[in-house]
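The next block holds one structure in the form of structure tokens; read it before the comments.
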Amino acid sequence: MTRSVFRFWLPLGFTLLVSAFLILPVLLSVLAGVTLNWQRGPAGGLTFRWVAEVWGLYADTVLRTLLLAGATAIADLLLGLPLAYVLARHPSRKARLMEELIMLPVAVPGLATALALIILYGGWQSLRGGSVFILIGHVLFTLPFMVRSVLAVLAALDIRTLEEGAASLGAGPWRRLLTVVLPNARPGILAGALMVVTLSVGEFNMTWMLHTPLTKTLPVGLADAYASMRLEIASAYTVVFLLMIVPLLVLMQKAAAAASGGR
Amino acid sequence: MGGQPERRTQTPLAIRVEGCARTFPDGVRALDRVDLDIRAGETLALLGPSGCGKTTLLRLIAGLDHPDPGGRILFDGEDVTALPIERRRVGMVFQSYALFPNMSVAANVAYGLKIQGMAPDMRRARVTEMLEMMRIAPLADRAIDQLSGGQRQRVALARAIAPRPRLLLLDEPLTALDAKLRDALRVEIDQLLRALGTTALYVTHDQAEAMALGDRVVVMTHGRIAQIGTPYEIYHRPAGRFVADFVGLMNRIRGTLSGDGVRCPGGIVPLAAAGPSHRPAGARRPGDGAPVEIQFRPEDAVVAAPGQGHVRGTVTASFFLGDRVRILVEGVGTTPLTVETGGRIDPLTDATLAAGAPIELRIQSAPLAPEGEA
Amino acid sequence: MTFFTAFWLLPMARLALFAADGREGWAAYLTVVTHPRYFESLVATVLLSAAVTAATLVTGGLSGVFLSRHRFPGRRTLIGLLTLPLAFPGVVVGFLVILLAGRQGLIGALSQSLGGSRIVFAYSMGGLFLGYLYFSIPRVLLTVMAAAEKLDPALEEAARSLGAPPLRILLDILIPGLMPALIGAGALCFATSMGAFGTAFTLATRISVLPMAIYTEFTLFADMAIAAAMSLVLGLLTWAVLALARSATGAGVAAAA
């Protein structure tokens with residue numbers, strides 16, 4: 001097959017240019033993170049000193065971020081699964097409205113949500129000072145993604161008819177849930193959970209407002225590092241972050257592809 | 001299908017539907033008050049265009065939906081209206097099959113048996129028996145998404161029959177298949193239903209399917225039952241214009257009563273051809289000059305030699321359909337007629353069937369109805 | 001739902017009232033849209049977001065259509081690279097822009113070695129533009145690709161069989177066919193740019209975009225009422241844009257966020 005310049009090579013070049021724009025800075029940051037002195041450039045010598053230093057400073061932050069992401073995913077499952085199931089089984093105008101409502105924290109900037117949370121609950125010290133406060137923000141922001149992911153899979157399967165099939169064979173509601181609904185929703189649950197974890201690990205807008213010096217997460221630490229430390233350390237910190245988020249992202253995209261395709 | 005026929009372990013169930021209507025929450029009335037008796041062991045076909053309420057009626061009988069207050073469903077005299085489907089012991093084949101994608105073929109078929117608490121070795125035996133009966137034994141361990149449409153259909157049937165249901169419900173089971181496969185499976189389902197002897201309800205919008213499978217056919221339209229009868233009655237004694245037109249093709253000639261015939265623009269159709277049995281029961285014979293309408297099926301008219309026909313018209317088009325030739329004729333009545341004739345005629349070379357050629361017809365059977373009715 | 005009411009609806013309602021409890025009362029809302037300082041940042045934010053949206057739609061749209069229409073070795077890798085920044089928070093994007101266009105950035109180094117002066121624009125509108133563009137492209141790209149895959153290729157073939165040149169196909173078939181996706185992706189892009197706090201936080205030390213203005217009010221001047229009023233205005237604006245796009249396309253626009 002011959003490829004015409006106009007239809008193929010030109011747009012390909014353009015697309016490559018775009019991807020260069022997206023990838024080049026990432027490579028720069030990785031390079032800067034392992035360079036002894038960025039002013040003199042990579043030729044001046046490479047080192048893992050900065051990465052090690054960052055790890056020493058922020059290991060607890062990394063751990064907290066992961067725990068928080070895990071907790072967010074669990075909370076989303078507990079809240080989102082029943083909701084998605086109800087929405088899938090009873091599609092009505094009311095259900096649509098509820099779906100719209102829970103989307104609001106995504107549509108409205110995190111900054112506004114965070115400010116609202118602080119104003120209403122900020123005086124409540126035990127809540128304001130803990131990680132739970134951040135968890136609430138993260139759950140608000142990520143819940144719709146979990147619900148949508150599960151809902152999409154349930155809708156594509158026509159879960160209603162599958163359940164009717166099970167019922168016609170004598171299965172009661174619990175049995176249908178355990179043998180038909182949950183096993184078939186698994187790809188959606190998995191994709192949703194991975195997405196939630198990825199979003200939670202990377203969330204900054206809300207977390208920055210909600211955090212205290214004792215409850216920093218990775219992106220918050222990043223902002224600190226960018227504001228106050230030398231470029232090499234900031235880059236090294238970015239490298240640590242990339243090492244966490246990129247595998248998550250790849251997994252998430254695989255899971256999402258498995259949840260939507262293959263059927 | 002294949003294998004040994006199923007043992008009859010269940011005495012067939014008789015079903016009564018009493019005053020069942022169904023209004024959806026959005027106000028749409030899917031079903032008007034319907035009364036219906038399904039005899040023990042018969043296969044009843046529910047036939048009608050989409051939206052006529054046939055699937056709603058099936059879902060009421062299945063227990064997937066509940067009638068408006070006042071309606072009752074009785075299984076062998078026992079009121080089951082309040083029972084959900086899982087407690088009615090019915091088997092159901094869904095239009096989309098509703099096979100569980102997280103289970104293998106064998107696990108799908110075993111699902112209902114497992115719920116009944118059947119011992120594992122008996123269960124395995126029953127599953128094997130079912131798969132062999134449906135001739136899909138080699139597919140036992142396949143995943144559902146590796147099956148073709150016809151194979152899925154067989155799995156769905158096996159799954160529904162395995163727990164020995166008292167009633168088998170089939171909701172447009174062949175609609176998703178292509179024409180050839182549909183014909184083959186129709187024959188197999190027919191044999192299966194006869195062998196099982198289970199009461200069965202078969203919903204379809206395909207009149208050929210309903211006629212071939214149903215001991216009786218229920219024709220529905222706009223949420224009501226238009227006619228209940230054997231396939232022969234439905235076809236040859238349709239209870240109204242809707243049934244006549246929905247089941248097969250119906251020709252109509254308007255004319256006036258004149259002595260022993262009906263006078264129309266193309267000539268006179270002798271009344272003897274109508275046959276006494278076709279006159280609406282109890283109807284008085286109208287007097288001469290009264291406007292009447294003759295109805296007949298395309299195969300009830302034959303092409304006659306010149307001078308031998310009852311009526312004359314002009315060919316507008318003719319089509320070779322393989323097993324028969326379809327001829328469109330104008331000028332006999334006010335609307336065009338469709339006539340079908342067998343035999344090895346090639347309308348492309350036969351000048352008598354060319355467009356514009358004159359044609360004479362003998363009409364062999366012509367139900368008579370006062371104009372505007374039936 | 002209880003969770004949602006307790007932690008979003010109630011706080012939001014409180015926020016609305018709170019803004020009115022300040023020194024100026026309900027006039028705080030008026031101040032936000034009339035006072036030159038706040039108004040300027042509002043206008044600047046809207047203009048910047050609109051520019052980013054237009055640029056992203058063009059780049060993301062072109063690449064998206066191309067990637068969905070052609071199969072070639074390395075395509076998957078390319079898509080992988082293009083969607084990599086999807087999970088980067090705004091702060092990281094801001095930092096990446098610093099690496100590109102900051103004082104020690106690549107662009108500066110290049111321009112200097114080419115004999116010119118060091119070009120540094122990371123901390124200006126240009127930097128913000130670049131940053132917003134950076135995190136908007138992957139989202140738009142994915143949306144456009146999904147829509148283009150669904151677009152029946154027979155439509156294009158039919159147009160070609162009728163003798164339509166590529167430009168006509170673009171105008172008559174592709175753009176109308178992708179319109180819902182473009183509107184949706186554009187609205188999303190606009191909304192995220194309006195509320196993008198992370199990128200602004202690292203880059204906008206000298207310019208006042210709305211999220212930064214809110215943050216400054218909140219921390220520096222501790223004028224909570226004004227901050228609350230501004231975030232409500234911001235929230236309403238982004239929500240309105242998304243709702244508008246949704247009613248225009250009749251589909252779930254925010255789905256791809």
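The values are calculated or read from the model by the stated rules, or taken from the named source; none is laboratory data. For clarity, every value in this text was computed on a predicted model and none was experimentally measured. Backbone-built Cβ (ideal geometry, glycine too); neighbour counts: all protein chains shown. What goes into the accessible areas is simple: the full protein's heavy atoms, side chains included, and nothing from ligands, DNA or RNA. Shrake-Rupley method; radii C 1.70, N 1.55, O 1.52, S 1.80 Å.
When the Gaussian network model of chain B links Cα atoms closer than 10 Å, the mean-square fluctuations of B:P138, B:P84, B:P163 top out at B:P138.
Comparing B:G248, B:G48, B:G214, which has the greatest mean-square fluctuation in the GNM of chain B with Cα pairs linked when under 10 Å apart? Answer for the Gaussian network model of chain B: B:G248.
Accessible area per residue of chain A at 1.4 Å probe, in Å²? Could the numbers behind the result be given before it?
Working: 11180 Å² over 263 residues.
Value for chain A: 42 Å² per residue.
Per residue of C:233-242, count partner chain C-beta atoms within 10 Å of its C-beta, then hand back the mean as an integer. Provide the component values of the computation, followed by the final result.
Details: counts 1, 4, 10, 2, 2, 5, 6, 1, 1, 5.
Taking the mean over all residues of the peptide, I get 4.
With charges only on Cβ, +1 for K and R and -1 for D and E, what is the dipole size of the protein assembly as shown about its Cα centre, in debye, rounded to 20? About 1300 debye. Return the whole-Å distance between the Cα centroid of the stretch A:139-199 and the Cα centroid of the stretch B:36-50. So the separation of the two Cα centres works out to 36 Å. Charge dipole of the stretch C:27-252 (Cα centre as origin; +1 on each Lys and Arg Cβ, -1 on each Asp and Glu Cβ, all else neutral): 500 debye, rounded to the nearest 20.
To the nearest ten degrees, helix B:179-196 and the longest principal axis of the Cα atoms of chain B are 60 degrees apart. Under the convention that each Lys and Arg Cβ holds +1 and each Asp and Glu Cβ holds -1, the size of the dipole of chain B around its Cα centre is about 740 debye. I need the calculated FRET efficiency for the pair B:A354 and B:A208, taking r as the beta carbon distance and R₀ as 45 Å, to the nearest 0.05. E between B:A354 and B:A208, to the nearest 0.05, is 0.90.
Among A:211-219, C:76-84, B:106-114, what's the highest-first ranking by average C-beta atoms within 10 angstrom per residue?
Packing proxy ranking, top to bottom: B:106-114, A:211-219, C:76-84.
The distance linking the stretch B:207-277 with the stretch C:51-75 is 62 Å (Cα centroid to Cα centroid, whole angstrom). Of all DSSP-defined beta bridges confined to the protein assembly as shown, some 75% are antiparallel rather than parallel.
The mean number of Cβ atoms from other chains found within 10 Å of a Cβ in peptide A:234-241 is 3, as a whole number.
When the square roots of the Cα gyration tensor eigenvalues are ordered a ≥ b ≥ c, the ratio a/c for the stretch C:27-252 is 1.5 or more and a/b does not exceed b/c, which makes its shape oblate. In summary, no lysines lie within cross-link reach of B:K114, defined as a Cα separation below 19 angstrom excluding same-chain residues under 8 places away. Estimated from helical segments only, the mean residue ellipticity of chain A at 222 nm is -26000 deg cm²/dmol, where each DSSP H run of four or more residues counts as -39500 (n - 2.57). Residues whose amide H lies under 5 Å from that of B:M220, counting only those 5 or more places away or on a different chain, are B:L47, B:G48, B:A226; hydrogens are built 1.01 Å from N in the peptide plane.
Straight-distance candidates among the aspartates and glutamates for linking to C:K150, with alpha-carbon spacing under 18 Å and chain neighbours fewer than 8 residues away dropped: C:D172.
With Cα atoms defining each centre, the stretch A:72-103 and the stretch C:147-173 are spaced 38 Å apart in the structure.
Roughly how many percent of the accessible protein surface of the protein assembly as shown is carbon and sulfur, given a 1.4 Å probe and a whole-percent answer? Provide the component values of the computation, followed by the final result.
On the way: 24190 of 38830 Å².
Summing carbon and sulfur atoms, their accessible area is 62 percent of the total for the protein assembly as shown.
Projected onto their three principal axes, the Cα atoms of the stretch A:57-260 cover extents of 66, 37, 26 Å, largest first. Counts of other chain beta carbons within 10 angstrom of each beta carbon in peptide A:137-147 average 2. When C and A come together, around 6500 square angstrom of accessible surface is lost from both chains combined, probe 1.4 Å.
If I take R0 = 60 Å and measure r between the Cβ atoms of A:L243 and B:D141 in this structure, what FRET efficiency does the formula 1/(1 + (r/R0)^6) give, to the nearest 0.05?
After rounding, the FRET efficiency stands at 0.90.
GNM on chain A, alpha-carbon springs under 10 angstrom: the most fluctuating residue among A:P187, A:P82, A:P11 is A:P11.
With the cut-off at 1.5 for a/c, could you classify the protein assembly as shown from its C-alpha gyration tensor as rounded, prolate or oblate? Please report the intermediate quantities before stating the final value.
Details: a/c = 2.49, a/b = 2.06, b/c = 1.21.
Here the protein assembly as shown falls in the prolate category.
Quick one: which of B:297-307, B:60-70, A:139-149 comes out on top by average Cβ neighbours within 10 Å, and what's the full order, highest first?
Values: B:297-307: 15.9, B:60-70: 19.0, A:139-149: 25.5.
Output ranking for B:297-307, B:60-70, A:139-149: A:139-149, B:60-70, B:297-307.
Taking 15 Å as the straight-line reach from the Cα of B:K180, the aspartates and glutamates in range (excluding those fewer than 8 positions away in the same chain) are B:E188, B:D206, B:E209.
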